[in-house]
């Protein structure tokens with residue numbers, strides 16, 4: 001079901017994030033998209049007005065700049081849950097979009113709320129979209145459905161903003177709610193820099209002469225520290241050795257450029273999204289080839305692991321299913337899908353001791369000690385979130 005997430009992002013930023021051809025054809029978000037917006041406030045009225053334009057649309061005066069905000073548009077369709085979890089790993093807060101013309105909660109609503117809380121997202125704003133296509137009575141009924149849904153997750157204090165993203169109604173109220181409820185978090189700029197890769201690109205046009213080729217580009221969000229042009233970086237777990245049968249090799253490269261929403265910069269800090277131009281062979285970065293890797297200064301990242309030992313906490317029921325299937329304990333030789341920050345990998349259970357499981361991974365992951373891992377199991381035709389684990 002289309003709740004209007006991408007339409008809301010477009011109303012806030014002017015950017016339509018669903019650019020992949022299959023997304024346009026099917027009308028859903030498949031790949032993670034992102035866009036930036038500058039927020040402003042005009043105080044020359046009975047109350048402050050919030051907007052995403054430099055000039056106030058009411059009085060025409062210059063508005064006060066507040067901050068730059070980056071939006072990550074994640075897939076909402078249940079079969080793309082593992083992709084959604086990857087995007088959630090970069091978020092400081094979330095706009096949870098619910099359509100007023102559908103009963104709340106849908107099966108995927110519970111799954112997404114639990115995934116957001118697992119990813120550490122505590123600042124959530126509920127967007128009651130499509131109020132323009134329902135009656136007043138239905139809008140009120142849907143509002144109380146949302147209230148009850150929030151109570152289920154102890155999120156009663158989360159604001160609920162009724163909007164029509166299609167007609168940009170109440171977009172100012174959404175911006176105001178973001179300003180009040182999703183503050184810019186404090187980060188340590190002196191820590192060793194680290195970035196999770198959410199997208200990777202080959203920006204060279206077909207037919208470009210060899211001498212004019214530029215290196216691969218990495219897209220993501222810096223979580224700590226500062227990256228600068230000229231820095232030598234490593235990328236873990238890297239790529240599989242030639243032949244495809246060996247282990248993974250860490251990549252080392254030089255930062256050639258840094259691009260943020262305002263243009264090219266010489267250094268990039270935590271907050272927002274950044275494009276990192278590198279000396280990497282663009283063959284390695286094309287078509288999101290390095291998504292899930294972690295970037296850091298050489299020698300500062302944890303080792304990539306091919307086996308994870310997790311202390312698990314399973315949900316009572318698999319919340320992404322209509323019938324709320326009861327979650328059974330993890331079994332030996334069971335295949336699972338794991339999300340670690342922006343990395344998605346699969347593995348087979350090799351040991352089970354009470355709530356502690358050992359999983360041999362198909363693709364290694366770079367994870368911090370005590371890192372959190374989302375666990376999904378094959379149920380029916382899709383992978384469903386059944387719990388999470390902490391690295392031991």
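Values in this text are rule-based calculations from the coordinates and carry no lab data. Computed from a predicted model, the values in this text were never measured in an experiment. Positions of Cβ are backbone-derived with ideal geometry, glycine not excepted, and every protein chain shown enters the neighbour counts.
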For labels at residue 160 and residue 132 in the simple 7 Å Cα→Cβ model, what's the distance in nm? 2.2 nm
Shape category assigned to the range 304-391 from the gyration tensor of Cα positions, a/c cut at 1.5: prolate
Identify the residues of the range 368-389 with backbone N under 11 Å of a label point that sits 7 angstrom from the Cα of residue 224 along the Cα-to-Cβ direction, or state none. 368-369
Determine, from the Cβ-Cβ distance of residue 43 and residue 103 and an R0 of 56 Å, the FRET efficiency 1/(1 + (r/R0)^6), rounded to the nearest 0.05. 0.90
Contour excess over end-to-end distance, with Cα ends at residue 204 and residue 323 and 0.36 nm allotted per residue: 38.1 nm
Testing the spin-label approximation: label points 7 Å from Cα along Cα→Cβ at residue 355 and residue 392. State their distance in nm. 1.1 nm
Sum -39500 (n - 2.57) across every DSSP H segment of at least 4 residues in the chain, then divide by the residue count to get the 222 nm mean residue ellipticity, nearest 500. -5000 deg cm²/dmol
FRET efficiency, residue 68 to residue 303 (Cβ-Cβ, R0 45 Å, nearest 0.05): 0.85
Give the calculated FRET efficiency between residue 379 and residue 313 to the nearest 0.05, with a Förster radius of 25 Å applied to their Cβ-Cβ distance. 0.85
Got a sec? Which residues in the range 183-227 would a label at residue 279 touch, if it sits 7 Å along Cα→Cβ and we count backbone N under 13 Å? 215-216
Only counting other Cβ atoms within 10 Å, I'd like 300, 345 sorted with the fewest neighbours first. 300, 345
Starting from 0.36 nm per residue, how many nanometres of slack lie between residue 53 and residue 332 once their C-alpha separation is accounted for? 94.8 nm
Let me check against my output: what whole-number percent is the relative contact order of the range 241-392, with C-alpha pairs under 8 Å and at least 6 apart? 21 percent
For the pair residue 180 and residue 213, how long in nm is the line joining their label points, each one 7 Å along Cα→Cβ? 5.4 nm
By how many nm would the segment from residue 370 to residue 348 grow when fully extended, if each residue of separation counts as 0.36 nm and the alpha-carbon distance is taken off? 5.9 nm
How high is the relative contact order of the range 304-391, given as a whole-number percent (alpha carbon pairs under 8 Å, six or more residues apart)? 37 percent
Order the peptides 362-371, 214-223 from the highest to the lowest mean number of other Cβ atoms within 10 Å of their residues. 214-223, 362-371
Can you give me the relative contact order of the chain as a percent, contacts being Cα pairs under 8 Å and 6 or more apart? 13 percent
